[in-house]
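Undergrad: Provided herewith is a single structure, encoded as structure tokens, for subsequent inquiry.
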Amino acid sequence: MQQLNPINYQIHLEPDLTRFNFEGKCEILLDAPENISEVTLNVLEIAIWSCRLQQGDGFVNCPFRVDPAGEEVRVMLPKPMSGNIRLKIDYLGWINDKMAGFYRSKYTYQGNTRFIAVTQFEESDARRAFPCMDHPAKKATFDITIDIDHNLVAISNGAIKKEARLSNGKKRITFEQTPIMSTYLVFFGVGEFEFSEDLKDSRVRVATLPGMKEFAKFGAEFGRKSLEFSENYYAIAYPLPKMDLIAIPDFAFGAMENWGAITFRENLLLHYPEITSKFGEERICEVIAHEIAHQWFGNLVTPSDWRYLWLNESFATYFGFGVVDHYYPRWATWQQFLSGQTGSALVRDALHETFAIEIPGGEHVVINASTAPIIYNKGGSILRQIEGYIGKENFQKGVQHYLKTYEYGCAASHHLWQSFETVAQQPIAAMMKSWIEQRGFPIITVKRQDRRLVMTQKRFTYLPNDSDQKWQVPINICLFPKTGAMRRMTTLLDDIEQVIDLDEDILAYKINDRQTGFYRVKYNDVKNLDELGKRVLEKSLPPEDRWGLENDLFALVQSGETSLEEYLKFISCYQEEDAYLPLTGMASNLYSAFLVMGDDWQQKISSIARPRFEDILEKIGYSPVPDENLTTSLLRDQIIWDAVLYGSSSALEFAGKQFAALMQGGSVHADIIKSVMRVGALSGNDKTFDWFDRQLQKSKVEHERLNILSALGCFKDESAIKKSQQYTLDTVPARNKFMPVVAMAANPYAIPLLWDWYVNNLEAIEQFHPMLYERVIAAIVPTAGISRADEVKTFFADYLKNTDKAKDVIKLSLERLEINLRMRRAG
Ligand SMILES: [Zn+2]
């Protein structure tokens, strides 16, 4: 990296929303500690007219050379210089349709198509909007000015400082200077935005497009709550005078934490009464809390390099759930964290094709279907593991110490350990290094030898490995004596094997109490597993542990260490189960087995699951009940579809009637409409497809559109499936193109039609946003590849000879396919 630091950028933009380009002037003040003869800046797809250097009171022209492949411009100085260097660059840029850089987003209002222009810069797209040193550690202040039509509104990180009328009829908006910050967090947006201020904290505003204002209140309120929680918990005030939460129609990601100007997909910010489900509500809260946590983790303290991106995302994930749990303890958010975050991270990280949380790599480390589960989900889970180890109070103090020490600066992983060690007075660094710097995680195999418990650790992967990796594993154990109360003990497993003495009266033990640890457990002890099974049946173990036992056992089926038969036998202990977490886990695992296995097994799974799910639906009610728990409604929505697929006539009858009413203009409760539409598609045909199409075109609500798009992947009828596939290519908006495909890849009737669709339309599918293209591959390959494995493997072997596109995701998807093939053969 150059020995050169940016101090301040003055950026002046004149966007043109009809030609989709913008005139830019960028004045950069740099500090060169030593003599330099040229300045290298990042640029991408902008046309530079001139580069000038300030000398005395005037500016002189400098020759410059653009290197498009290197995404750089080199500006030659007239002579070697050090100290302050001020460059002025004039250029033209494009308001593109790539959902990256300064891009346009389309919406319809009063029958007309209109555009806004907004930015999305993480990780390295600021260079599409202005020449800059586009690295998170190159922090500077930004003064932004935008000239716009008089009827438009401009938003940026800072509050508006000045608004002036120009002679050409436009207006010039000047924003307050930002705090010192990274380029990837800069934001500017132009459009017909309207603001809704929170009633109690005027710093929090929601920005919406015309006609949407009435849906802003819920988000604004939770924005205020998240801000309040953060300022209290971190003990550092939010430094900007305003926090805008902005709803954007076209957005590749879920949301983006630009300092003071956070952008969201509409369905993750706007709340539509009667249409947003309970789960949708919770997602809105979680995403808002996540982005607001970033205002400290990322914006105030920034990773000194992209390899430390986890310092942003793991904390934001962790607090995303923590803040929601704080305000809505009834929602059982931490249980959903276990199934959704920890559970999926354990699945992702058990592949050979995985990464360390501290991602090795250069400038272009990207967040995608391969890396996200590691740096978000696994990282967040590891933070929960540390909190479990050092205690809540030390965790909070450590976080405060870390943020205060590095505010307005940058940090690396070891800075965080130092903070935790300082407050906890415990050796944390060595332990955390084993989790952050190496890939994968261990399986702890336990066996009992009389009064001794022997625990060994080994890396867990679904396919065999010969790794000799070691972790420092904090292990919490529940001990169940023959009589009397359960006891707990904690140990740190820091070698391959460890032996613990047990009291004579111990009848059974459960490793990984409440599932705070990030590892799998295998009991080489049939008697103990039987004893635990009894405690599952009588529900004397907490739901987290009931979930963990089932979940670990299913992972062992996938790795070939136990049989599906054994697993199905064990889950008979769950016949009285009524808690969300173990039920959702079991339903998901049975479903994955159903998708992978042949006919005989499918029938067996159906015959076990169908009566269980019908029984549960009877108990909780097919229709939502007022004031029921969020988790009840989540479970219902999940298992209605499963039950229908397993042949339940009662579930089919219920959902079928609801769907028929919906098609005739009736309404269906928001908490079941998703499964009702999916079942409707399953029993539907071309006419049903046409109905979905009309609904989608008519809908003004993203939440509703997403339900429809997911239903489009649920047809059984071949002609309707093919129509949906074509529709995905032709009509579904770019930001959502992956959605019907993901649903098809989990629909046994659509799976056989996916591979040919992919191959025959490769060129068009490759044009999806890179991240969404990867999601398509990750969805299709593991299931659609099962019946055509050789073909799929050969195809990608050739494909990767010519391109690096989606390389990591292709590799991990092929590995998943291999795991499925092995499981099918073993059955
Ligand atoms: Zn994030």
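The values are calculated or read from the model by the stated rules, or taken from the named source; none is laboratory data. This one's a predicted model, so the numbers in the text were calculated from it and none came from an experiment. Cβ coordinates were reconstructed from backbone atoms using ideal geometry, including for glycine residues, and neighbour counts include every protein chain displayed. Each accessible area value is taken on the protein alone, full model and side chains, heavy atoms only, with ligands, DNA and RNA left out. Shrake-Rupley method; radii C 1.70, N 1.55, O 1.52, S 1.80 Å.
Undergrad: How would region 351-434 be classified by its alpha-carbon gyration tensor: rounded, prolate or oblate, with rounded meaning a/c under 1.5 and the a/b versus b/c comparison settling the rest?
TA: Working: a/c = 2.20, a/b = 1.54, b/c = 1.42.
Prolate is the answer for region 351-434, as a/c is 1.5 or above and a/b outweighs b/c.
Undergrad: Would you please put 564-572, 226-234 in order of how densely packed they are, using the mean number of other Cβ atoms within 10 angstrom per residue and starting with the highest? It would help to have the intermediate numbers written out before the result.
TA: On the way: 564-572: 16.4, 226-234: 19.1.
Highest mean packing first, the order is 226-234, 564-572.
Undergrad: May I ask for the net charge around Asp615, where only other residues with Cβ less than 14 Å from the Cβ of Asp615 are counted and Lys, Arg are +1 while Asp, Glu are -1?
TA: Net charge around Asp615: -2.
Undergrad: If you roll a 1.4 Å probe over the heavy atoms of the protein chains, what accessible area per residue do you get for the chain, in Å²? Could you put the intermediate results ahead of the total?
TA: Numbers: 31610 Å² over 827 residues.
Solvent-accessible surface per residue comes out at 38 Å².
Undergrad: Sorting Thr141, Thr405 by accessible area (1.4 Å probe), largest first, what list results? Write out the running numbers ahead of the final one.
TA: Values: Thr141 25, Thr405 75 Å².
Correct descending sequence by accessible area is Thr405, Thr141.
Undergrad: Put one equal scatterer on each alpha carbon of the chain, apply the Debye formula with no solvent term, and list log10 I(q)/I(0) at q = 0.05, 0.06, 0.07, 0.08 1/Å to two decimals.
TA: Values, matching the q order: -0.28, -0.41, -0.56, -0.74.
Undergrad: Would you mind computing the Rg to Rh ratio of region 623-750 from its alpha-carbon coordinates, Kirkwood style for Rh?
TA: Values: Rg = 13.9 Å, Rh = 14.7 Å.
Ratio of gyration radius to Kirkwood radius: 0.95.
Undergrad: For Lys522, go through the lysines and keep the ones whose alpha-carbon is under 28 Å away, minus same-chain ones fewer than eight residues off.
TA: Straight-line reach from Lys522, under 28 Å: Lys378, Lys433, Lys447, Lys458, Lys470, Lys482, Lys510, Lys534, Lys539, Lys569, Lys604, Lys811.
Undergrad: With point charges of +1 on the Cβ of Lys and Arg and -1 on the Cβ of Asp and Glu, referenced to the Cα centre of region 575-699, which listed residue (Pro626, Ala660, Tyr646) lies farthest in the positive direction of the dipole?
TA: Ala660
Undergrad: Any idea how far the Cα center of region 161-208 sits from the one of region 387-418, in Å?
TA: Taking the Cα centre of region 387-418 as reference, the centre of region 161-208 is 32 Å away.
Undergrad: Further question: Considering only protein heavy atoms and a 1.4 Å probe, what is the carbon-and-sulfur percentage of the accessible area of the chain?
TA: Values: 15130 of 31610 Å².
On the chain, the fraction of accessible area on carbon and sulfur atoms equals 48 percent.
Undergrad: Sort Trp296, Trp49 from largest to smallest accessible area, using a 1.4 Å probe on the heavy atoms of the protein chains.
TA: Working: Trp296 0, Trp49 150 Å².
So the residues, ranked largest to smallest area, are Trp49, Trp296.
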